Structure formats: structure tokens, C-alpha cells
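Each remark here refers to the structure printed beneath this line.
The values are calculated or read from the model by the stated rules, or taken from the named source; none is laboratory data. Nothing here was measured: the structure is a model prediction, and the numbers come from that model. Reconstructed Cβ throughout: ideal geometry from the backbone, glycine too, with neighbour counts over all protein chains shown.
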Amino acid sequence: MFMENSVMSLRHRFASTVVGVACALASVAASAHAILIDSTPKPNGTLSAGHVQMMFKYNSKIDQHRSRITLIGPDKREKVLAIATDSKSNELDTTADLTPGTYTLRWQALALDGHITRGDLPFTVVGK
């Protein structure tokens with residue numbers, strides 16, 4: 001009886017440890033990705049035509065030199081936008097001269113741990 005309880009207790013502790021380690025690893029992996037938490041423009045938002053400042057804010061620090069923002073214009077042409085060198089460590093900031101139409105910003109963020117996340121952000125530009 002004592003031996004049975006010891007084996008059961010050992011199995012229970014082992015299972016608890018495995019579950020705890022798995023949860024810890026899952027939370028580390030989830031926090032490794034650069035997740036977009038705020039932006040200007042907002043998804044499906046509207047901006048006024050002209051010289052526009054754009055900002056992409058992430059939940060973690062990112063490698064700004066190897067991340068990318070591509071502007072897809074109303075004519076479906078793609079233009080890679082320069083990322084500001086004075087951006088905060090968790091942001092990609094850029095600017096562009098925009099005329100009225102429907103646009104998409106395609107972003108690719110590289111977290112400092114090497115994980116890449118991507119997304120598209122559609123928006124509309126209207127006349128002033």
C-alpha cells in the first residue's frame with residue numbers, strides 16, 4: 001500500500017512538472033513574436049491626403065533594420081517605405097505622400113529573437 005501511494009505521488013509530481021514546463025515554454029514562445037498592438041493609420045481607417053506619418057507599434061522590441069513596410073497603392077504598385085531611424089525600439093515609423101484612394105500597408109516585423117510576423121493593413125485616403 002505504501003509503495004503504491006509513493007508511485008502514485010511520484011507520477012502526480014512528474015505530470016505536474018511536465019505540465020508546468022510546457023506552460024512556461026508556451027508563454028515564452030508566445031511572447032517572442034512581435035504582435036501589432038497599435039497603428040496609424042488604423043485598420044480600415046481613413047486619412048487625409050498629403051504627407052502622412054505612419055506608425056506601427058508592437059508588443060516587443062523589433063529589429064528595425066531588417067523589418068519592412070511596403071505601401072500598395074490604388075494602382076496596385078508596391079513601394080518599400082523607409083523606416084525612420086529614430087523610431088522607438090518597439091515601433092516602425094515611416095512617412096509617405098498620399099493621394100486619394102484605397103491603400104494597403106504590408107508590414108513585416110522581425111522580433112529581436114528572430115521571429116518574423118507579417119500582416120496587411122488596408123486604409124483609405126480622402127481629399128482634404
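Residues that are surrounded by 11 or more Cβ atoms within 10 Å (Cβ to Cβ), among the acidic types (Asp, Glu) and assigned to a loop (DSSP other than H, G, I, E, B) are absent from the range 73-83 altogether. For the range 114-123, the criterion of a residue being of a type outside the set (A, V, I, L, M, F, W, C), more than 15 Å from Ile35 (Cα to Cα), surrounded by fewer than 16 Cβ atoms within 10 Å (Cβ to Cβ) and assigned by TED's automatic domain parsing to the domain that holds Met55 is satisfied by at least one position. On the stretch given as the range 84-115, residues that are without any contact (Cβ under 8 Å) to a residue 24 or more places away in the chain and either in a strand (DSSP E or B) or of a type in the set (Asp, Glu) (or both) total 1. Selection over the range 84-105 of residues that are of a type outside the set (Asp, Glu) and surrounded by fewer than 17 Cβ atoms within 10 Å (Cβ to Cβ) gives a count of 10.
Take the conditions (1) surrounded by fewer than 16 Cβ atoms within 10 Å (Cβ to Cβ); (2) at pLDDT 95 or above; Pro41 misses just one of them, which is (1).
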